[in-house]
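Read the structure below first, then the notes.
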Amino acid sequence: MTSASNVGPDPRSSDAAVIATRQPQAATNEVLLEARAVVKEYGSTKALQGANLVLRAGRIHALMGENGAGKSTLVQILVGAAVPTSGVIAMQGRPVSFDGVSEALAAGVVPIYQQSSLFPNLTVLENLFAFETAASHGVAGHKSARRRRSAKQMLNRIGLAVLLDQPVASLSLGEKQLLEIARGLGRDCKLLVLDEPTAALSQADTNRLFAALRQLASAGVGILYISHKTNEIAQIADEITVLRDGVCVISGAPLKSTSMQTIVSAMVGHAFNVGEKNLPVVRAPVLALVGAALRIGDPEVSITVRASEILGIAGLAGSGAEEIGAMLAGALACSRGVLSVNGRPVGRSGDRATAVAAGIGYVPADRSVDGLFPGHDALRNASASVLDHLTKFGLLSRSAESIRLSAALTNVSLTPNQPRRLIDEFSGGNQQKVLLARNLAVADIKALVLVEPTRGVDVGARDIIHDRILMAAAEGLAVVLVSTDLEELTSLSHRVAIIRDRRLTTELPRLSSPAAVAGAMLGENQ
Amino acid sequence: MKMADLPGSHLLRRLPVSIWGLVVIVALVALFLPGFARIGNITNVLRVGAILALASYGQTIVLISGGIDFSIGSSVALCSVVTALAVQQLPLGLALTAGFASIIGVGAINGLLIAYLKLSPFLVTLGMLLLVHGFAAIVAGGLPVEVPDREGIHTLSGSDLLGVPYPVIIAGLAAGALYLLLERTTLGRSWFLIGSNLAAAAATGIRLRRNIFLAYVLAAVFVGVAGLILTSRVAAGEPNLYPTLPFETMAACAVGGIPLTGGRGSALNAVIGVIVIAVLNNAIVLLNFPAYAQLSLLGIIMVGAVIAQGMPSWTRPSRIRSL
């Protein structure tokens, strides 16, 4: 049974006739947007110290760099969200200074952000024309036949096959991403800026996105692609720029002549070791989920994780892998089945308070939705699970909190190591480190469930998080790692459980290749 | 601004920004209204402000936990009616206890509906505001219930210690209690986390239902004390006592720097906001403006405070995250 629309390429995506209806807006290789010697200072700190970037029509240009390298600043300047301290920005050869995002949009620079700006309660059609509707002062919806026709063209252009009257909330993450791009393209787009577009996408959705991007590039659209994922860059990009400390260490090099090793070393500033990890020896069973089903009618799933074991869980978006992770963490109530730690059932199902008391740590999938406490410092974010152990005479002891959690934060190499800094001001990678520290600070933690622990995280932070996960396993924790990052999954896990249609279909042994895991996720070899 | 170079700057930087608003307003009022800076007038401002302060402490707890409480206005009215009726049968102490308990009862119902049935705090407390006002009016028979003067009911609001009115002393002590509750208990800390991100609070294992319930009950304790002082002041059971109280508490919290979106705030923020509102209310009286001008002023203050709180987000650049 092949499930849903998000698997497999869409036949229409290669429909050349459709592409031809939209003529290339610029000759291929023509320089679209150019940044020369751009400097940006925030007070005394220099975010950019003379960065250069040349974006051409029909080319996919990758922009990489660690946290704080200046990527976001450069992108903000290009899309008109920030003004450079000095330097020149030129659009098709003419110097410009965008005053606000709307001016950059008018010039054809269309940014697509990580956070969706779609309206979930409106239909696909309504979303496609949301801006036009907002700008027109009259009654919306007239000329609807013409509108529907051009909406279909917009969808075809990127090979997205959804119904025009379907509510956006019913689309998969990947379809939403493509819809957002389709909407952006509708506005006479010359250059598309994609910020970490695959962070939340499954492998199949990522493949669809890449097909759409190649199609757009061949139609003459320039694409700036910002990502942490080296394997994706290798697949999709034509040329690459790497920033480090506000300087271009690789500047528009063709990707064919640049090795991944060179790129990673350029980013981190030192040679990067991609060797095999040594996993600890597995001991007695700790965390067990027996006969569990999330909804009535779902197949039963049983999973046991042993002390010092890292169990990888893989599945496409919508396969139920994330939900099974949440059930193992005691964060989702199951309609059937028992969760236990060291043979003792965890009281109420779906209640994290009892799961924490039983010693189950949890790093949820989306740090901004159910991980972080915005407006509070790193220390308070880290201490949330151990508050009851920080009291003296019934009162919360701030010194105990500071001592204990500062140590935990240092232990995960928080950068900058300022526990009193607001969590909002840390990079994604460091926010993720804080969530890890929150769990590792629990004194009697026995199991740790991590869902996408390195999503949208730079190489350096990813390395540290992986290292701490291995350390936690070596100390005897039972670790569950739910991830769509197959490299991460295969290099860290003792075994990888494959979830498809909410069913545990198979288990792959240690050191299975990412390709084998991907195949199993898609249901090959069945 | 090189504030770091000044002596005592560490302490200064820890003060809420709203304190400067307070300083400016008090200075302006003292400068232009000669009647303001008299001992008698200031004592009066504080005496009236103490009731608003206690009620605002309750609002502070609820706001920090991510909720809002409109029912404060009617629960103090219920307290006065229950006390006035009970004092006809019971000794004053017991009657006041009954009045206090009625406010805790309203808080507990709020808490049960919001924490355990997961209903919207806005709708629940707005509903309770109307329901309790109606209930108080029915119980009172539609008219204010007088409390005979011989009962000594005025002692709580009318007496003073070394020139400081009792209500002011109580409000001061309560501010300390609120500080301890918010900053030095795990319950208080959990309110901040719940208000900052409910889903994250759930994932960290904070006991949501119990702690949200307790937010409304403990808020009612502070409101209860306000209700007792107010009852003592009017010495009557009035079903329509102090109808603007919930809005004044929200204005005080907003002006003091507590966002109405939850997750942040302190006892000091509440105290600052209350003094601003109390001083401005007094200024209106001193200027001989009609009493209803006070309502418009309240609205202006509240909207102005919300705008001021929103300012940074207007100027914040687009939502590109640090990569």
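Here, each number is a calculation from the coordinates, and none is a lab measurement. Predicted model only: the values in this text are computed from it and were never measured. Glycine gets a Cβ as well: all are built from the backbone with ideal geometry, and neighbour counts include every protein chain shown.
Restricting to Cα pairs below 8 Å that are 6+ residues apart, what does the relative contact order work out to for chain A? Please round to a whole percent.
Working: 1080 pairs, mean separation 78.8, N = 526.
Averaging sequence separation for qualifying contacts and normalising by length gives 15 percent for chain A.
If we count other beta carbons within 10 Å of each Cβ, what is the order of A:Y362, A:Y42, fewest first?
Working: A:Y362 28, A:Y42 11.
Ascending number of Cβ neighbours within 10 Å: A:Y42, A:Y362.
Using a 10 angstrom cutoff on alpha carbons, build the Gaussian network for chain B and name the most mobile of B:S65, B:S75, B:S18.
Answer for the Gaussian network model of chain B: B:S18.
What shape does segment B:162-218 take by its C-alpha gyration tensor, where a ≥ b ≥ c are the square roots of the eigenvalues and a/c under 1.5 counts as rounded, a/b above b/c as prolate, and the rest as oblate? Intermediate results must be reported in sequence, preceding the final value.
On the way: a/c = 4.10, a/b = 3.12, b/c = 1.32.
Taking the square roots of the gyration eigenvalues as a ≥ b ≥ c, segment B:162-218 is prolate.
Shape of segment A:177-319 from its Cα gyration tensor (a ≥ b ≥ c, root eigenvalues): rounded if a/c is under 1.5, otherwise prolate when a/b > b/c, or oblate? The partial results should precede the final answer.
Details: a/c = 3.49, a/b = 1.45, b/c = 2.40.
It is oblate, given that a/c is not under 1.5 and a/b is not larger than b/c.
If you take every residue apart from A:A307 with its C-beta less than 10 Å away from the C-beta of A:A307, what net charge results, scoring Lys and Arg +1 and Asp and Glu -1? If you can, show how the numbers build up before the last one.
Numbers: positive: A:R283, A:R306, A:K446; negative: A:E309, A:E475.
Around A:A307, the charge tally is +1.
State to the nearest 20 debye the size of the charge dipole of chain A about its Cα centre, where the only charges are +1 on K and R beta carbons and -1 on D and E beta carbons. Intermediate results must be reported in sequence, preceding the final value.
Details: 51 positive and 47 negative charges, 77 e Å.
It works out to roughly 380 debye.
Please tell me which of these pairs span more than 21 angstrom C-alpha to C-alpha: A:K71/A:K229; A:K176/B:K118; A:K40/A:K71; A:K46/A:K71; A:K229/A:K277; A:K229/A:K433? Before the final figure, lay out each step's value.
Values: A:K71/A:K229 14 Å; A:K176/B:K118 30 Å; A:K40/A:K71 12 Å; A:K46/A:K71 13 Å; A:K229/A:K277 19 Å; A:K229/A:K433 19 Å.
Check vs 21 Å cut-off fails for A:K176/B:K118.
Can you list which of the DSSP-assigned H helices in chain A have a Cα extent of 15 Å or more along the long axis and an average Kyte-Doolittle score of at least 0.5? Can you show the working numbers first?
Numbers: long enough: A:144-157 (19 Å, -1.84); A:173-185 (18 Å, 0.14); A:203-218 (22 Å, -0.19); A:398-411 (19 Å, -0.11); A:428-440 (18 Å, -0.45); A:459-474 (22 Å, 0.69).
Result, helices passing both filters: A:459-474.
Compute the signed sum of charges (Lys and Arg +1, Asp and Glu -1) over the other residues within less than 14 Å, Cβ to Cβ, of A:M91.
Working: positive: A:R36, A:R56, A:R94, A:K190; negative: A:E30, A:E34, A:D99, A:E103, A:D188.
Local net charge: -1.
Note down the nm distance, to one decimal, between modelled labels 7 Å out along Cα→Cβ at A:R295 and at B:F122.
3.0
Taking amide H positions as placed in the peptide plane 1.01 Å from N, state which residues far from A:R244 in sequence (5 or more) or on other chains have amide H under 5 Å from it.
When sequence neighbours closer than 5 places are left aside, the close amide H contacts are A:V249.
How high is the relative contact order of segment B:38-241, in percent, counting Cα pairs under 8 Å that sit 6 or more residues apart?
Working: 333 pairs, mean separation 89.6, N = 204.
After rounding, I find 44 percent.
Within chain A, what percent of beta bridges assigned by DSSP are antiparallel, to the nearest 5?
Numbers: 44 of 78 bridges.
The antiparallel proportion sits near 55 percent.
Assign one of three labels to the protein assembly as shown, namely rounded, prolate or oblate, based on the Cα gyration tensor with a ≥ b ≥ c the square roots of its eigenvalues; rounded applies when a/c is under 1.5, prolate when it is not and a/b is larger than b/c, and oblate otherwise.
Numbers: a/c = 2.00, a/b = 1.61, b/c = 1.24.
Because a/c hits 1.5 or more and a/b exceeds b/c, the protein assembly as shown counts as prolate.
For labels at B:L31 and A:D444 in the simple 7 Å Cα→Cβ model, what's the distance in nm?
Modelled inter-label distance: 6.2 nm.
Ranking A:K190, B:K118, A:K71 by Cβ neighbours within 10 Å, fewest first, what do you get? Please list the in-between numbers first.
Working: A:K190 20, B:K118 10, A:K71 27.
Going from least to most buried by this count: B:K118, A:K190, A:K71.
Using Cβ contacts closer than 10 Å as the measure, can you line up B:T155, A:T258, A:T484 from fewest to most?
Values: B:T155 11, A:T258 19, A:T484 26.
Least crowded to most crowded, the residues run B:T155, A:T258, A:T484.
Averaged over peptide A:69-80, how many Cβ atoms belonging to another chain are found within 10 Å of each residue's Cβ? List each step's numbers first, then the result.
On the way: counts 2, 1, 3, 6, 3, 0, 3, 3, 0, 0, 3, 2.
Going residue by residue through A:69-80 and averaging, the value is 2.
Is any helix in chain B, taking whole DSSP H runs, at least 24 angstrom long along its axis by alpha carbon and on average at least 0.0 on the Kyte-Doolittle scale, and which ones?
Working: long enough: B:39-64 (35 Å, 1.38); B:92-111 (28 Å, 1.60); B:121-140 (27 Å, 2.13); B:166-184 (26 Å, 1.39); B:208-234 (38 Å, 1.53); B:267-286 (28 Å, 2.33); B:293-315 (33 Å, 1.28).
In chain B, the long hydrophobic H runs are B:39-64, B:92-111, B:121-140, B:166-184, B:208-234, B:267-286, B:293-315.
Hey, if you drop one equal point scatterer on each alpha-carbon of segment A:142-194 and run the Debye formula without solvent, what base-10 log of I(q)/I(0) do you get at q = 0.24, 0.25, 0.30 Å⁻¹?
Summing over Cα pairs of segment A:142-194 leads to -1.00, -1.06, -1.29.
Report, in deg cm²/dmol and to the nearest 500, the calculated mean residue ellipticity at 222 nm for the protein assembly as shown, where each DSSP H run with n ≥ 4 adds -39500 (n - 2.57) and the sum is divided by the residue count. Let's see the in-between values first.
Working: 33 runs with 396 residues, N = 849.
Helix-only estimate at 222 nm: -14500 deg cm²/dmol.
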